[in-house]
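The values are calculated or read from the model by the stated rules, or taken from the named source; none is laboratory data. Everything numeric here is computed off the predicted structure, so don't read it as measured data. No Cβ is skipped: glycine too gets one built from the backbone with ideal geometry, and neighbour counts run over all protein chains shown.
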Amino acid sequence: MDVEPAYFASLEYGALVNLLLGGFNMIPAFPLDGGRVFRATLWHRSKSLLRATQTASNVGVAFAYLFIFGRLGFLFTGFFVNGIWFVFIGLFLKNGAEASLRQTILTDALSGVIVEDIMTRNVDTIEADTSLTDVVQNYFARYKHGGYPILEGGRLVGILTLQDVRKVQREDWGHVRARDVMTSVSKVETVSPEETATDALMRLSTRDVGRLPVVREGKLVGIITRSDVTHLIKMRTELRG
């Protein structure tokens, strides 16, 4: 059996597939490579990454709708597999373009901002030897915060949340101290004042927490919350129009 024709046929088929994939990837539909080249050209002309990304994303979404609605007819004419693949490709392009635009908006809005610029400096804190009775009456019942930094000798030693308090029977609150049920600082995600706001947002998102203590040399200097970052993004985005 002569395997040479089959061997060359497989090579030709592989080359054709790679050529088609390469050609598809160069379509000026962001975030494909062709769309990124298109964005880079717009960026070079306008000197604005955000504006270039917005335009490239709009073009990418337009291509996505062409794939989705232009091929929906396949679903009803006996070419179901071809039709569904084009719909999936269109959805991929649409989601990718919109996600890339959101990421660029975030990066642009937080550019040049560090944690110290937007953190809350006056933080309500609790001393480590405070009883849970005092904690509930003077902090959780009085304020709306879901957790408080715990200090000992002026240094951050942990975080106490309402969930931590709930683990203790009410009749034991009088002799149980904050330090007994707090989450140790070694297990708490913290940031330094010099870190970027973008890094802080990433930590808030990946850890799925609402706040991060800001610590310098073991001492609490502030706290940054998800709302601090989102407020800055909203304000800067609206100001830049």
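Annotations for the structure displayed:
- Consider the stretch 43-58 and keep the residues that are aliphatic (A, V, I, L, M) and crowded, with 19+ Cβ neighbours inside 10 Å. The one that is nearest to Ser111 (Cα to Cα) is Ala52.
- Members of the stretch 152-164 that are farther than 15 Å from Val135 by Cβ and not in a strand (DSSP E or B): Gly153, Gly154
- For first residues located in the stretch 28-40 and in the same structural domain as Phe63 (by TED's automatic domain parsing) and farther than 13 Å from Thr104 by Cβ, partners that are of a type in the set (Phe, Trp, Tyr) and part of a loop (DSSP other than H, G, I, E, B) and lie 6+ apart or on another chain with Cβ distances below 9 Å form the pairs Phe38/Phe30.
- When Gly158 is tested against (1) at pLDDT below 90; (2) of a type outside the set (Ser, Thr, Tyr); (3) surrounded by 15 or more Cβ atoms within 10 Å (Cβ to Cβ), just one condition goes unmet, and that condition is (1).
- If you go through the stretch 211-241 and pick out every residue that is more than 14 Å from Val113 (Cα to Cα), β-branched (Val, Ile, Thr) and under 15 Å from the mean Cα position of the chain (by Cα), you end up with 1.
- Meets criteria (touching a residue at least 12 places away in the same chain (Cβ under 8 Å), under 26 Å from the mean Cα position of the chain (by Cα) and under 30 Å from Ala29 (Cα atoms)) for Leu106: yes
- Some residue of the stretch 139-151 being assigned to a helix (DSSP H, G or I) and on the phi < 0 side of the Ramachandran plot: yes
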